[in-house]
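Visitor: Starting off with a structure, shown below.
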Amino acid sequence: PDTPKDFSCQTRDLRIVTCTWSQGGSTYLYGKYSTKYTLSAKSSQEMIQCTPSCSKQCACSWDIGQQRIWNVTVTVENPLGKKTATDVFNVNHRIYPTAPFQVWEKCTDTEITLHWNYQRNGIELFCQTEVLHPNGKVELHNSSDVHSPHGSITVGGLQPYTEYTARVRCGAAKHFWRWSEWSEGQTIRTEEATPSGKLDMWREITPVLGGRNVTLFWKQTPGFRANGRRISYEVTWEKIEDGSRPESISLSSVYNSTRIFIDNHSYKINIMAVNDVNFSRPSVLVISRATDNSTEDLKEEQVNGTDDGIFISWKPRYIYDSYIIDWCNFPKLQPCDLQWKRFGPNTSSAVINSAAFVPGVRYNFHIYGSVADRASLLEKKTGYLRELPPLLDPIVDKVELTFNAVTLSWDSYLTNESQSGFVRGYHVYVSPVEENCSLKGSKKHMLSGDSELCKYTIENPEEKRYTVEHLMSNTKYKLVVKAYTGGGETPIDDFIYIYTPYNSNVLYFLFLLVIVPTLVAAICHWKKKWVKECCCPAIPSPNKSKVLSFKEFKIGSEKVLKINDCIPDMLAVDNEAEAQKL
């Protein structure tokens, strides 16, 4: 057999000693050959033989009388051999007290006092209290009152109106051996108290006829505690200028927003949490007088998303004691779930994250500076957690064709917050249907299947008209316009088709080169006698001679030939009357 394991002896009351040990592994011997245990205990005055009882563990107990020093041996034996284990001890050093009982408590809002009974049996005991907090934290507190017939301890620094679980165990004050078992756990709730901390309040202002609607939102800060069974909210507002009587409303704990109407004067708004004990400290907002100074002219700047959220930065202004950023978790819904976050005066950037943020949705952020509870809008930002390709492609609503160019227009295309990314510009893709494209000024773009398109880029999202030049006349082309964002563009899967007309300049040139000369030739052939008489007369008229075009040889409208300037082959008089005049 194996040597007995975990062999030890202890007493609960200084009268009875109990020794225990674990059985070894199976010997595979049964019946009269099975393993047998014997225990012998010897003191200075007596010898004790004890037959143990065994189940999961073996145990043997005896009355020690007045003897304190014992030498105990346990023997395990079967026909194949035996093993022994020995323990020598002073009973005063082996005290294992019984568990405390009849535990009860008294409490205030921050303290619990536990009381309990125990069987002292003339033993000086000290006890330990375990307090389990709601967040799982465990605190241990020791009590040093070793002579009292009843135990007690006071645990402080607790939260009001909070459930705690407490239990107690004890051990020998002198020659500590081991703790007793724990008492039964007691669930204790502390008393109510005034709410601690204050609420975080924010607002949304909407101008209306005769004043403004102010929607108030509030949430509990990390340092806020209701400290009571029931809680409600008290909202109070009053005009600052004339000190008029305040107005107020009470709301149950299920609400975290309300709407009030105020006129165009300055107002001070308070909100407090209320329980059955008292009010919390007030949170204060000051709404400035309504003015004509609109913030609509603040330029909305684009911001970028990161793996952790949307990065926001702003220009610090040292006159403010804090900054607030607000946004809508669901900008396309109403209500949009307005959220806000506060930052200290030395902060000028932040990463805003929310479980509600999704790619492809544009979120708008407003940055406010606050001083003396009065907030002013400083900057506007807009951005995406991650940009996606546009939801829809531009629809070409106008096509203007010439023999070598086409002008496309898509004026109805929207580039606002309805898009799933900031529209950065457009790509125009063109190609002849029957062949690849190689237009001047374009870039090549390859499609699946090795087909090739010409690509033109427009980098201004507001430019929604483009002319593709250098086309061939009398040719069929396919075209598509794609918007692109920071998330790219959608795949090319649909085209529009156009036919370029014939080149009218070529037809005109052909007309001039062929038709006109042919027509002239036909007319000349038809009137050839008249043409011959007009262009090549047998006797040319002096008035039609280019030789006689000099100004000094004119008399009136008649051209004059000086006879001495030329030597004629023959002289003839055509008209006697003319000859007489000359």
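The values are calculated or read from the model by the stated rules, or taken from the named source; none is laboratory data. This structure is a prediction, so every number in the text was calculated from the model and none was measured. Backbone-built Cβ (ideal geometry, glycine too); neighbour counts: all protein chains shown. Only protein heavy atoms, including side chains, enter the accessible area calculation; ligands, DNA and RNA are left aside. Shrake-Rupley method; radii C 1.70, N 1.55, O 1.52, S 1.80 Å.
Visitor: For segment 102-149, just the Cα set please: Rg and Dmax, both in angstrom.
Guide: 12.7, 39
Visitor: May I ask which of K32/K83; K239/K332; K380/K464; K239/K380; K137/K219 have a Cα-Cα span longer than 23 Å here?
Guide: On the way: K32/K83 18 Å; K239/K332 34 Å; K380/K464 27 Å; K239/K380 29 Å; K137/K219 26 Å.
Table pairs above 23 Å Cα-Cα are K239/K332; K380/K464; K239/K380; K137/K219.
Visitor: Okay, moving on. Kindly give the semi-axes, whole Å and largest first, of the ellipsoid equivalent to segment 199-292, taking each as the square root of 5 times a Cα gyration tensor eigenvalue. Before the final figure, lay out each step's value.
Guide: Working: eigenvalues 135, 35, 25 Å².
Gyration-tensor ellipsoid for segment 199-292: 26, 13, 11 Å.
Visitor: Can you pull the accessible area of M472 for me, 1.4 Å probe, Å² to the nearest 10?
Guide: M472 exposes around 90 Å² with every protein chain in place.
Visitor: How about K476: which aspartates and glutamates have a C-alpha closer than 14 Å to its C-alpha, ignoring those fewer than 8 places off in the same chain?
Guide: Candidates past the 8-residue exclusion: E434, E435.
Visitor: Can I ask one more? With viscosity set to 0.890 mPa s at 25 °C, what whole-number translational diffusion coefficient in µm²/s follows for segment 286-432 from Stokes-Einstein and a Kirkwood radius over Cα pairs?
Guide: Values: Rh = 18.1 Å.
Answer, rounded: 136 µm²/s.
Visitor: While we're here: Bin width 5 Å, alpha-carbon pairs only: give the P(r) of segment 5-93 as whole percents, running from 0 to the bin holding the largest distance.
Guide: 3, 13, 26, 23, 16, 9, 6, 3, 0
Visitor: Given segment 101-189, what whole percent of its Cα pairs are spread farther than 17 Å?
Guide: Above the 17 Å cut-off, segment 101-189 has 45 percent of its Cα pairs.
Visitor: List the aspartates and glutamates whose Cα lies under 20 Å from the Cα of K268, skipping any in the same chain that are fewer than 8 positions away.
Guide: Answer for K268, where 20 Å is the Cα cut-off: D200, E204, E234, E238, E241, D242, E247, D321, D373, listed by chain and number.
Visitor: Which value does Rg/Rh take for segment 300-384 over its C-alpha atoms, Rh per Kirkwood?
Guide: Radius of gyration relative to Kirkwood radius: 0.96.
Visitor: Now a separate question. Could you give each residue of segment 380-393 its phi-based ³J(HN,Hα) in whole Hz, using Karplus coefficients 6.51, -1.76, 1.60 with θ = phi - 60°, and x for Gly or Pro?
Guide: Once rounded to whole Hz, the list reads 10, 10, 9, x, 10, 4, 7, 6, 10, x, x, 5, 10, 8.
Visitor: Calculate how steeply helix 516-526 sits against the longest principal axis of the alpha-carbon atoms of the chain, using the helix alpha-carbon long axis, and give the answer as 0 to 90 degrees to the nearest 10.
Guide: 20
Visitor: Now for a separate question. Give the Debye-formula value of log10 I(q)/I(0) at each listed q (0.05, 0.08, 0.11 Å⁻¹), with one equal scatterer per alpha carbon of the chain, two decimals each.
Guide: -0.62, -0.88, -1.12
Visitor: Continuing with this model, one more query. Assuming 0.692 mPa s and 37 °C, estimate D for segment 398-500 with Stokes-Einstein, Rh taken as the Kirkwood radius over Cα pairs, in µm²/s.
Guide: Values: Rh = 14.3 Å.
Answer from the Stokes-Einstein relation: 230 µm²/s.
Visitor: Using a 1.4 angstrom probe on the protein heavy atoms only, could you order E77, E192 from most to least accessible area? Don't jump to the answer; show the numbers that get you there.
Guide: On the way: E77 95, E192 45 Å².
Solvent-accessible surface, decreasing: E77, E192.
Visitor: Which number do you get for Rg(Cα) / (2.2 N^0.38 Å) in segment 21-156? Don't skip to the end; give the middle numbers.
Guide: Working: Rg = 22.1 Å, N = 136, 2.2 N^0.38 = 14.2 Å.
Expressed relative to 2.2 N^0.38 Å, the Cα Rg reads 1.56.
Visitor: Okay, moving on. Excluding residues fewer than 8 places away in the same chain, name every one of the aspartates and glutamates whose C-alpha is closer than 18 Å to that of K440.
Guide: E452, E469
Visitor: May I pose another question? What longest region of the chain stays clear of chymotrypsin sites (Phe, Trp or Tyr not before Pro) that DSSP places outside H, G, I, E and B and that have at most 16 other Cβ atoms within 10 Å?
Guide: Values: sites that count: Y28, Y30, F176, W177, W179, W182, Y255, Y318, F403, F495, Y502, F550.
Formally, the longest exposed-site-free interval is 31-175.
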